[in-house]
1. How well do other chains shield peptide A:125-132, expressed as the mean number of their Cβ atoms within 10 Å of each residue Cβ?
2. Enumerate the calculated ³J(HN,Hα) couplings along segment B:35-46 in order (Karplus 6.51 cos²θ - 1.76 cosθ + 1.60, θ = phi - 60°), each rounded to whole Hz, writing x wherever the residue is Gly or Pro.
3. Taking the radius of gyration and the Kirkwood hydrodynamic radius from Cα positions alone, what is the Rg/Rh ratio for segment B:64-126, to two decimal places?
4. If we count every other residue with Cβ under 9 angstrom of B:Ile93's Cβ, Lys/Arg +1 and Asp/Glu -1, where does the sum land?
5. Please list, ordered by chain and number, the residues whose modelled amide H lies under 5 Å from the amide H of A:Ile25; skip anything fewer than 5 residues away on the same chain.
6. Take the alpha-carbon positions of chain B, form their convex hull, and give its projected area averaged over all directions (one quarter of the hull surface) in nm².
7. Using the Kirkwood radius over Cα pairs, work out the Stokes-Einstein diffusion coefficient for segment A:84-170 at 25 °C and 0.890 mPa s, in µm²/s as a whole number.
8. With each label point set 7 Å from Cα along the Cα-Cβ vector, what nm distance links B:Glu58 and B:Glu2?
Amino acid sequence: MAFDVQEWLDNYNKDEILFLFKGEITGTLITDSLDKIESKTEDASNKAKKKIYNVLVECMQNLFHHSSVLPTDGSTKEQGKYGICLLSKNSVGYHITTGNFIQKKHKDFLSKHLSHINSLDKDELKDLYKDILNNQEFSEKGGGGLGMVDISRKSGSKLDYKFHDYHKGYYFFSLNIKIVE
Amino acid sequence: MEPISIAGTPKTPTVQFDSGSGKVEIKGRSIPENSIEFYKPLVDWLENYLSTPASLTEVNIQLEYFNTSSSKCILDVFKKLEAIYKSGNEVVINWYYEEDDEDMLEAGEDYQSIIKIPFKMIELED
């Protein structure tokens with residue numbers, strides 16, 4: 001059966017949902033969302049609050065910069081530059097879950113990048129961050145492969161991600177980041 | 001040189017650069033989607049300042065949040081300051097972080113290990 005975004009999202013219904021966005025990601029939307037999120041995490045410790053905010057900024061900007069645009073001819077249920085961002089809470093801690101569509105070439109690159117990040121310990125991640133920061137060329141917008149490294153460092157846990165087959169060379173990329181108080 | 005004075009927004013920091021007093025300050029949040037657009041004029045200003053810097057340049061960086069898109073631009077700012085320091089002028093960098101914000105302290109230490117200028121880590125109490 002084909003991958004269904006809503007079914008995937010329903011898996012998180014058991015947790016307390018603090019914030020959910022589904023749809024087209026824009027710069028204004030990111031600003032508005034971050035405002036809302038700050039008021040939803042008032043119970044969290046200062047430290048956790050900062051981590052949540054930092055990780056959410058990176059995640060939403062990843063969605064903004066890297067999502068593929070789905071066809072708008074009606075051949076798929078979701079259309080355009082579609083993304084999901086969810087902040088939830090359960091007994092383990094806070095969870096930031098994102099989903100967006102990407103194409104095969106991006107999947108191959110991302111898959112390699114993420115498995116490399118997950119193979120590193122804390123100090124190795126720090127070294128990788130500094131190496132990318134100091135030695136690698138950035139794109140004209142200032143991005144350059146630091147986002148996921150930073151997310152992994154801030155969360156302190158391995159990145160939990162999956163690529164789901166969606167439609168004709170498009171994959172749904174899901175990422176779940178845990179922030180423990 | 002004309003000073004730079006930019007008011008902060010929800011996504012960009014407050015900036016005060018003054019060649020007369022040698023003060024360079026960046027405070028607040030730096031999370032724009034396109035950070036190069038924001039930081040290019042600051043880096044250009046420092047490039048000009050490099051030819052006639054104050055005898056002491058005091059740098060205050062007090063960021064609440066910054067995204068990875070800003071992190072490279074902030075490094076570019078520090079590299080200009082490093083050039084001022086290397087040409088024999090005094091430069092002091094004060095890196096402020098909020099109490100318990102280990103991530104921000106660590107971010108400062110990451111820069112400190114790349115840039116050869118004395119950093120002072122200053123914890124702000126609540």
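Since every read-out is calculated from the coordinates, none of them should be taken as a lab result. The structure presented is a predicted model; accordingly, all values stated were derived computationally and were not measured. Every residue, glycine among them, receives a Cβ derived from its backbone with ideal geometry; neighbour counts consider all protein chains shown.
1. Going residue by residue through A:125-132 and averaging, the value is 2.
2. Using θ = phi - 60°, the values come out as 7, 4, 4, 6, 7, 4, x, 6, 5, 5, 4, 5 Hz.
3. In segment B:64-126, Rg relative to Rh is 0.98.
4. Local charge sum for B:Ile93: 0.
5. Long-range HN contacts for A:Ile25: A:Gly83.
6. 7.2
7. For the chosen part, D equals 167 µm²/s.
8. Distance between the two pseudo-spin positions: 2.6 nm.
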